[in-house]
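Asker: Can you keep this structure in mind? I'll have questions shortly.
Bear in mind that the values in this text are calculations on the coordinates, not laboratory data. Note that the coordinates shown come from a computational prediction; the quantities given were computed from them, not determined experimentally. Glycine also receives a Cβ, built like all others from the backbone with ideal geometry; neighbour counts cover every protein chain displayed.
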Amino acid sequence: MGFFSKIFTWWDGATLGTQLWSSRNGEHVGTDAQGNRYYRSRRKHGDGRERRWVIYKGANDASRVPSEWHGWLHGSYDDLPESHLPPPKIWEADYTPNATGTPGKYLPAGALERGGSRAPARGDYEAWTPDA
C-alpha cells in the first residue's frame, strides 16, 4: 500500500510526482527539527524572485513549519534560517501538533461533547426576555 499511497495521496507527505518534480527543479536547502525538507527553485522568475516550498515529513499541516522557516518561505529574508535564529529562551515550549478535529481537541467548559454543563451565572448576567 505504501507505493500506491505515494502516487495518489498528498495529505500524508509528498506524492511521488511532487518528490520527482522537487528533485528535478528544486534545490534542497535545509531540514528543520521535525524532518520537514525545504526547497528553492533552481531558476528564478523574470523579476529575480525564486519559488520556495516545503515537503512535510508526515501529515501536511502548515502549523508544523517553525517560525524561522516560515519567514524564509515567505521571502522575509534570503539567508537560510540558521543565521536568523535568536538564542532559545527558557520559557519556550516544544512544538505540539494542531489537535483540531481529533479526539484530543480542546473542549471548553459547557461544550456539549463534555457534558454540556457550565458554571452558573454569578449575578453579573441578566437574562433577556422579549417585550410581550
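Asker: Sketch the reach of a paramagnetic label on residue 23 as a point 7 Å from Cα along Cα-to-Cβ, and name the residues of the stretch 49-75 whose backbone nitrogen lies under 20 Å away.
Answerer: 53-58
Asker: Helix-derived [θ] at 222 nm for the chain: sum -39500 (n - 2.57) over DSSP H runs of at least 4, divide by residue count, nearest 500?
Answerer: Calculated mean residue ellipticity at 222 nm is -5000 deg cm²/dmol.
Asker: Work out the charge dipole of the chain with +1 on the Cβ of Lys and Arg and -1 on the Cβ of Asp and Glu about the Cα centre, then indicate which of 72, 99, 55 is farthest towards its positive end.
Answerer: Ranked along the dipole, the leading option is 55.
Asker: Which is the longest stretch in the chain that no exposed loop site breaks, taking sites as GluC sites (Glu not before Pro) with a DSSP loop state and at most 13 other Cβ atoms within 10 Å?
Answerer: 1-91
Asker: Here is a follow-up. Using Cα springs under 10 Å in a Gaussian network model of the chain, which residue among 31, 100, 18 shows the largest mean-square fluctuation?
Answerer: 100
Asker: Using +1 on the beta carbon of Lys and Arg, -1 on that of Asp and Glu, and nothing else charged, what's the dipole of the chain about the Cα centre, debye to 20?
Answerer: My answer is approximately 660 debye.
Asker: Looking at the stretch 87-126, which trypsin sites (Lys or Arg not before Pro) are in a loop (DSSP not H, G, I, E or B) and have at most 14 other Cβ atoms within 10 Å?
Answerer: The qualifying sites are 89, 105, 118, 122.
Asker: Between (1) 43, 26, 25; (2) 71, 43, 38; (3) 39, 36, 19, which matches Cα extents along the principal axes in Å calculated for the structure shown?
Answerer: (2)
Asker: Relative contact order of the chain: what whole-number percent is it, with Cα pairs under 8 angstrom and at least 6 residues apart?
Answerer: 14 percent
Asker: Pick from 33, 14, 62: which is most flexible by mean-square fluctuation in a GNM of the chain where alpha carbon atoms under 10 Å apart are linked?
Answerer: 33
Asker: Nearest 10 degrees, 0 to 90: what angle lies between the long axis of helix 16-25 and the longest principal axis of the chain (Cα atoms)?
Answerer: 50 degrees
Asker: Any chance you could check the Cα centroid distance between the stretch 41-114 and the stretch 117-132 for me, in angstrom?
Answerer: Using only Cα atoms, the two centres lie 42 Å from each other.
Asker: Which one, 37, 64, 49, has the greatest fluctuation when you compute a Gaussian network model over the chain with C-alpha springs under 10 angstrom?
Answerer: 49
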